[in-house]
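Derivation of every value follows stated rules applied to the coordinates shown; laboratory data play no part. Since we're looking at a predicted model, the values are computed, not measured. Don't worry about glycine lacking a Cβ; one is built from the backbone with ideal geometry, like all the others, and counts go over all protein chains shown.
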Amino acid sequence: MRTSILAAGLFTALACTSIAQAQTPAPAAAPTAPAVGGFTDDELKAFGGAMTEVSKLSAEYSPKMVGADGPTKISVQKEMIAKMGAAVSASGLTPQKYNEISAAVSKDPALRQHLTEVLNGPPAA
């Protein structure tokens, strides 16, 4: 069940957020004040980096799953989810925090805009 929740959250992030190019997350620094939606800019940067890796893994594994039979498909899916979880953890986020940010970004246009600004810099004036 935990695997299904993680997978749902990871796929939700891919479907709900379109960021042209996510910058590599900065090394962990002192936590910053909560940003729009209650997440710090550092958390949003980590989310952007994780989302980029999750997207790459999804693009790599989706074709493998399309042509696979039942047991093979399940095996490929488990491998993909494990790698996605590792990518999220490597970003410094827990899968739960990643899923929280993903859900919030999908529901909150202001947070989605702030995420874009954090990852790509503020829009030109």
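Please work out the ratio of the alpha-carbon Rg of region 41-125 to 2.2 N^0.38 Å and round it to two decimals.
This ratio for region 41-125 stands at 1.27.
Sort LEU115, LEU93 so the one with the fewest other Cβ atoms within 10 Å of its own Cβ comes first.
Values: LEU115 27, LEU93 20.
By the 10 Å Cβ count, ascending, the order reads LEU93, LEU115.
Please give the net charge around ALA90, taking every other residue with its beta carbon less than 11 angstrom from that of ALA90, where Lys and Arg add +1 and Asp and Glu add -1.
Working: positive: LYS83; negative: GLU53.
Result for the neighbourhood of ALA90: 0.
Using amide H atoms built in the peptide plane, which far-off residues or other-chain residues are under 5 Å from ASP108 H to H?
none
Less than 12 Å Cβ to Cβ from PHE47, Lys/Arg counted +1 and Asp/Glu -1: what total charge do the surrounding residues give?
Values: positive: LYS45, LYS97, ARG112; negative: ASP41, ASP42, GLU43, GLU53, GLU100.
Taking every Cβ under 12 Å from that of PHE47, the sum is -2.
Might you report the magnitude of the Cβ-based charge dipole of region 36-107 about its Cα centre, with Lys and Arg at +1 and Asp and Glu at -1, to the nearest 20 debye? Don't skip to the answer; put the middle values down first.
On the way: 8 positive and 8 negative charges, 40 e Å.
In debye, rounded to 20, region 36-107 gives about 200.
Cut-off under 18 Å on the C-alpha distance; same-chain residues fewer than 8 positions from LYS45 excluded. Which lysines are left, in chain and number order?
Reachable lysines: LYS56, LYS97.
Just rank GLU117, GLU100, GLU43, fewest to most, by other beta-carbon atoms within 10 angstrom.
On the way: GLU117 15, GLU100 18, GLU43 24.
Lowest count first: GLU117, GLU100, GLU43.
Near LYS83, which aspartates and glutamates are there with a Cα under 16 Å away, not counting those fewer than 8 places off in the same chain?
Cross-link targets: GLU53, GLU60.
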